[in-house]
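See structure below.
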Amino acid sequence: MSGSLLADSFSERRINVGLKLFRIMLVADTNYQEKVSDKGYISIYLIYSSEKSNIARLEARLSQSLTSLHDIPVQIESLSLDQYLNRNDNRSMGAFIAERLSALSLEKAINKSIFNHQILFSPFEGDVEAGVLGGVSVESKVKPFINMKTLKKSEVKIKNFYLKVAKQHDE
Amino acid sequence: MMNKLKCGGRFKSNTVISLIFIIVLVAFLASFVRYWNTVLDPRLRLASETHAEALSQSQTGVLLKAIETKETHQRNRVVKEVIEEILLVSDPSINEPFIKGLSLQVDYDVVDSEQGSLDFSEGVLSCENCFRTEVAILGVNDELLAIATFNITDGYYRLLSHDMKDELYNQAYITVFLFSSVWLVMLVLVSRLHQVNENIETSDRAKTRFMANVTHELRTPLNAILGYTQLFKKDKEIMSSYGKGVETIHRSADHLLMLINDILDFSKVDAEGIKLHQKETLLNDFLNTLMEMTEVRATLKDINFDCVFSDQLPDLVLVDEKRLRQVLLNLLNNAVKFTSHGTVTFSVSLLPEKNTDKYTFSNIRFSISDTGIGIPKSHLKEIFVPYQQVENKITRAEGSGLGLTISKNIIEKMGATLKVDSTLGKGSVFWFDLKLPLGLQSSTTTHLMNRNVVGYSGAAKRILSIDDNEFNRDVIRQYLNQYDFIVDEASSGEIGLQQLDSEKPDLVLLDILMPGMDGFDVIKQIRSNENYREIPIIALTAAVQPEIEEKVNAYGFSDILIKPIVEDELLDSLKTQLALEWVYEEKTEIDKIAFKQSDFTELPDQHIIDALKEHATKHNILAIREMMKTLEQESCYQQFVEKLSPLARNYQFVKLVEILNKIQT
């Protein structure tokens with residue numbers, strides 16, 4: 001189980017809270033219409049690195065709470081990191097990192113998300129500082145955590161309202 | 001002056017202690033302030049912030065409910081009422097509202113209301129000390145409906161901060177109070193310690209003064225006794241009739257002088273105050289003197305006294321003769337004291353030495369054994385402990401009982417260890433090994449003792465002797481008259497100063513301790529007179545404290561002689577100060593005896609003469625005496641014994657050997 005998203009209760013809680021903040025962030029994306037696929041749905045990825053078995057629970061959970069965005073149906077798909085990196089599809093709206101990735105893998109995933117102008121979200125500590133667009137800030141209260149540089153590079157448009165309540169990382 | 005210095009010292013140590021306490025106190029208070037500023041206050045502020053965040057978060061439920069009011073036209077009123085209600089809620093503990101101000105911004109893209117209709121800003125919006133929090137109000141589908149900005153009161157922070165500061169102040173007051181108490185106690189203790197120290201120093205100075213006075217008073221009459229015995233020893237008529245008596249008086253007085261010096265040593269308590277003064281010593285002479293002195297005591301107790309001196313002992317060694325004699329006499333006297341029958345054996349032997357050292361050093365073992373009462377094994381260590389043996393029944397027999405401690409310390413000072421082995425009822429043996437540097441053989445041949453001074457060349461010198469003690473003046477006069485000095489006497493400093501002008505002496509012998517003007521006052525007067533700035537003035541004193549010697553040098557004395565005055569030392573000093581050239585006696589009576597071989601009716605056999613010569617070479621006085629005693633019984637050798645005995649009696653071993661060399665049987 002080591003390194004998995006269910007490694008311990010703290011990580012599990014971060015992931016659960018992360019899923020909620022990810023949903024809010026997706027709602028705050030003002031360019032959502034550009035991300036609607038030809039088939040008329042919004043595609044969301046859950047990225048894992050090795051343990052596919054655990055991803056099913058998360059997928060089920062996210063599918064339950066995120067059936068639609070702005071009344072557009074949502075399709076949630078679990079992908080391995082390699083699958084994510086090799087997929088030539090820039091219509092996906094966002095990707096949620098469900099397992100802690102190595103620095104090199106994370107860097108590849110960040111570059112891929114910037115290239116695809118999509119929201120990349122990681123609930124794991126330190127990933128936003130490493131360049132992931134969105135994450136979780138846990139201090140006296142839980143807040144969304146945004147990497148402003150990646151936001152600019154990826155050209156994702158987030159509502160100012162959302163940015164106001166988020167903790168921003170500028171370095 | 002002394003009191004001023006003491007007060008200064010006490011003030012200084014009090015200041016140092018106070019300074020240390022003030023520094024520690026300031027450091028303590030600074031750390032207190034620092035602890036508040038860097039640890040407690042930030043922690044308290046963070047806790048208050050968290051409290052404010054939680055409080056804000058708890059209000060989002062009612063706000064969400066108000067924003068989601070279904071009737072659009074009612075929504076504005078409901079939201080406003082809810083905000084009013086939130087701003088009303090107060091905390092009785094701080095007696096003011098929790099939330100001082102609230103501002104609501106709604107996302108009208110999500111909330112179906114007229115633009116700006118739900119944006120409220122109520123209460124205190126710019127509050128410097130308030131905790132400002134922003135809370136997102138999320139819809140059912142996680143859409144961000146609004147952001148509520150709260151200004152939460154810092155009342156909690158102030159209340160807790162006040163309570164904690166009070167607690168800290170209380171702790172600080174208690175600590176400062178305790179600290180000040182310790183400070184005060186320290187000052188009192190140090191002050192008392194100073195007082196005790198001052199008392200000890202005063203008592204010590206009084207003791208030293210007392211010891212100095214006592215020894216001075218004892219040495220003064222000894223000066224007369226030893227002075228006269230030295231004069232008598234030069235008188236052949238007296239010596240031929242009362243030689244043994246004079247010798248005994250002289251030795252006894254000399255021993256008494258040594259004891260007085262020992263008392264001074266005891267007053268120094270430990271060996272720290274004892275300084276060694278090495279000088280070239282004729283080992284055989286030194287040992288023979290010890291032997292003589294002990295033999296008398298042994299004879300009185302009717303016990304045997306054996307001396308075993310190795311033939312290989314060096315003639316001349318460098319040693320503090322006085323201190324070594326003090327130790328050996330102490331051990332020999334103890335051995336005799338605690339032996340009621342049997343033998344006391346004094347043996348001195350040469351120990352093997354490394355090749356590299358054997359030409360410069362001699363490793364000599366001194367051993368004193370007896371067949372006395374012995375010491376129990378359990379008491380062997382105690383006998384060297386200062387004052388311990390005073391309570392010891394064995395060593396308490398007579399004397400101070402501190403002799404062994406002093407002896408042990410002196411031997412340690414000489415770089416050796418005094419060892420003891422004893423069996424109760426069978427006897428004891430004390431021994432130590434000394435590594436002594438060898439002296440130069442040549443220096444012995446020119447010693448003044450070997451030649452008789454009869455006068456000096458040049459015009460007669462006039463000497464002024466200033467001393468309040470008549471006997472001392474008399475001894476000095478008799479000493480000097482022998483060599484044709486003109487001696488003027490003065491019984492006080494004042495008279496001495498008058499005689500200085502009338503007699504115009506070439507040299508002044510000046511006693512230091514005199515009633516009225518003392519030696520220092522007199523020399524001050526003399527040196528202030530331009531005519532006597534350069535006149536040699538020799539200080540005579542029975543006080544042996546180092547400070548007296550320093551003062552003597554400082555006052556411009558030419559030399560210092562310690563009483564009892566030794567004639568040779570006086571002559572040496574006069575020679576130096578007056579640039580004298582001594583005239584020596586051409587032929588002594590003893591020489592004359594030696595050369596008239598025809599006077600001897602009969603001479604002993606050559607092997608007896610050779611044996612006598614060998615004993616004389618080794619300065620073995622006991623063996624010589626034994627042989628003389630045997631020869632005396634033969635009437636034919638009467639003349640031989642009569643002529644040579646005085647030489648042996650006066651330890652004139654060199655002369656004895658010279659004469660024996662010239663005798664041919």
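The values are calculated or read from the model by the stated rules, or taken from the named source; none is laboratory data. Nothing here was measured: the structure is a model prediction, and the numbers come from that model. Methodologically, a virtual Cβ is constructed for each residue, glycine included, from the backbone with ideal geometry; neighbour enumeration extends over all protein chains shown. We work out accessible area using only protein heavy atoms, side chains counted, and drop any ligands, DNA or RNA first. Shrake-Rupley method; radii C 1.70, N 1.55, O 1.52, S 1.80 Å.
Does A:GLY18 fit the bill of being at pLDDT 90 or above and either closer than 15 Å to A:LEU101 by Cβ or open to solvent by 10 Å² or more (accessible area, probe 1.4 Å) (or both)?
In short, yes.
Run down B:LEU19, B:LEU64 and say which single residue is surrounded by 12 or more Cβ atoms within 10 Å (Cβ to Cβ) and either farther than 30 Å from B:ILE147 by Cα or of a type outside the set (Ser, Thr, Tyr) (or both).
Among B:LEU19, B:LEU64, only B:LEU64 is surrounded by 12 or more Cβ atoms within 10 Å (Cβ to Cβ) and either farther than 30 Å from B:ILE147 by Cα or of a type outside the set (Ser, Thr, Tyr) (or both).
For A:MET25, which of the numbered conditions (1) open to solvent by 10 Å² or more (accessible area, probe 1.4 Å); (2) out of contact with any Leu (no Cβ under 8 Å at 6 or more places or on another chain) fails to hold?
For A:MET25, the failing item is (1).
In region B:36-71, which residues are farther than 16 Å from B:PHE98 by Cα and of a type in the set (Asp, Glu)?
B:ASP41, B:GLU68, B:GLU71, listed by residue number.
Yes/no per residue for (1) surrounded by 11 or more Cβ atoms within 10 Å (Cβ to Cβ); (2) among the aliphatic types (A, V, I, L, M):
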position	(1), (2)
B:LEU160	yes, yes
B:GLN171	yes, no
B:THR175	yes, no
B:SER181	no, no
B:LEU184	yes, yes
B:VAL188	no, yes
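When you scan region B:97-110, do you find a residue that is more than 14 Å from chain A (Cβ to nearest Cβ), modelled with pLDDT of 85 or more, within 22 Å of A:PHE161 (Cβ to Cβ) and not in a strand (DSSP E or B), even just one?
No; the residues of region B:97-110 include none that is more than 14 Å from chain A (Cβ to nearest Cβ), modelled with pLDDT of 85 or more, within 22 Å of A:PHE161 (Cβ to Cβ) and not in a strand (DSSP E or B).
Which one of B:PHE361, B:PHE338 is open to solvent by less than 50 Å² (accessible area, probe 1.4 Å), of a type in the set (Phe, Trp, Tyr) and touching a residue at least 12 places away in the same chain (Cβ under 8 Å)?
Of the residues listed, the single one that is open to solvent by less than 50 Å² (accessible area, probe 1.4 Å), of a type in the set (Phe, Trp, Tyr) and touching a residue at least 12 places away in the same chain (Cβ under 8 Å) is B:PHE338.
Which of the residues belonging to region B:111-144 are within 13 Å of A:PHE161 (Cα to Cα), within 9 Å of chain A (Cβ to nearest Cβ) and outside any loop (DSSP other than H, G, I, E, B)?
Answer for region B:111-144, where residues must be within 13 Å of A:PHE161 (Cα to Cα), within 9 Å of chain A (Cβ to nearest Cβ) and outside any loop (DSSP other than H, G, I, E, B): B:GLU134, B:VAL135, B:ALA136, B:LEU138, B:LEU144.
When region A:85-111 is examined, which residues are found to be open to solvent by 10 Å² or more (accessible area, probe 1.4 Å) and of a type in the set (Asp, Glu)?
Result: A:ASP89, A:GLU107.
Go through region A:112-171 and tell me which strands (runs of 3 or more DSSP E), entirely inside it, have 2 or more residues that are open to solvent by less than 20 Å² (accessible area, probe 1.4 Å) and within 16 Å of A:SER11 (Cα to Cα).
So the answer is A:134-138.
For residues in region B:464-496 being open to solvent by less than 30 Å² (accessible area, probe 1.4 Å) and touching a Phe, Trp or Tyr at 6+ places or on another chain (Cβ under 8 Å), which is farthest from B:ASN223 (Cα to Cα)?
Result: B:TYR483.
Could you please let me know if B:VAL89 is more than 14 Å from chain A (Cβ to nearest Cβ), in contact (Cβ under 8 Å) with a residue 12 or more places away in the chain and farther than 17 Å from B:LEU144 by Cβ?
no
Do you know which of the residues in region B:45-83 that are closer than 20 Å to B:LEU125 by Cα and touching an Asp or Glu at 6+ places or on another chain (Cβ under 7 Å) is nearest to the other protein chains (Cβ to nearest Cβ)?
B:SER48
So that you can scan it fast, the table gives a plain yes or no per residue for (1) within 14 Å of chain A (Cβ to nearest Cβ); (2) of a type in the set (Phe, Trp, Tyr):
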site: B:ALA148; (1), (2): yes, no
site: B:ASP154; (1), (2): no, no
site: B:ASP166; (1), (2): no, no
site: B:TYR173; (1), (2): no, yes
site: B:PHE179; (1), (2): no, yes
site: B:SER191; (1), (2): no, no
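Within the set of pairs 6+ apart or on separate chains, which have a first residue in region A:70-89 that is modelled with pLDDT of 90 or more, a second that is open to solvent by 50 Å² or more (accessible area, probe 1.4 Å) and in a strand (DSSP E or B), and C-beta atoms under 9 Å apart?
Close Cβ pairs satisfying both conditions: A:VAL74/A:SER68.
Here's a check for you: in region A:127-150, which residue that is touching a residue at least 24 places away in the same chain (Cβ under 8 Å) and in contact with a Gly (Cβ under 8 Å, 6 or more places away or on another chain) is nearest to the other protein chains (Cβ to nearest Cβ)?
The selected residue is A:PRO144.
I'm told A:ASP170 meets every condition in (1) among the charged types (D, E, K, R); (2) away from every other protein chain (no Cβ under 14 Å); (3) more than 24 Å from B:GLN105 (Cβ to Cβ) except one. Can you identify the failing condition by its number?
With (1) among the charged types (D, E, K, R); (2) away from every other protein chain (no Cβ under 14 Å); (3) more than 24 Å from B:GLN105 (Cβ to Cβ) applied to A:ASP170, the lone miss is (3).
What are the pairs with Cβ atoms under 8 angstrom where one residue, in region A:151-163, is at the interface with another protein chain (Cβ under 10 Å from one of its Cβ atoms) and in contact (Cβ under 8 Å) with a residue 12 or more places away in the chain and the other, located anywhere, is of a type in the set (Asp, Glu) and surrounded by fewer than 17 Cβ atoms within 10 Å (Cβ to Cβ)? Sequence gap at least six, or different chains.
A:LYS159/B:ASP109
Which condition from (1) within 14 Å of chain A (Cβ to nearest Cβ); (2) among the β-branched types (Val, Ile, Thr); (3) touching a Ser or Thr at 6+ places or on another chain (Cβ under 8 Å) is the one that B:ILE94 breaks?
(1)
In the list B:GLU143, B:GLU96, which residue meets the criterion of being of a type outside the set (A, V, I, L, M) and farther than 30 Å from A:ASP71 by Cβ?
Only one candidate qualifies: B:GLU96.
Only helices (runs of 4 or more DSSP H) wholly contained in region B:469-579 count here; list those with 3 or more residues that are of a type in the set (S, T, N, Q) and within 25 Å of B:LEU231 (Cα to Cα).
B:470-481, B:567-578
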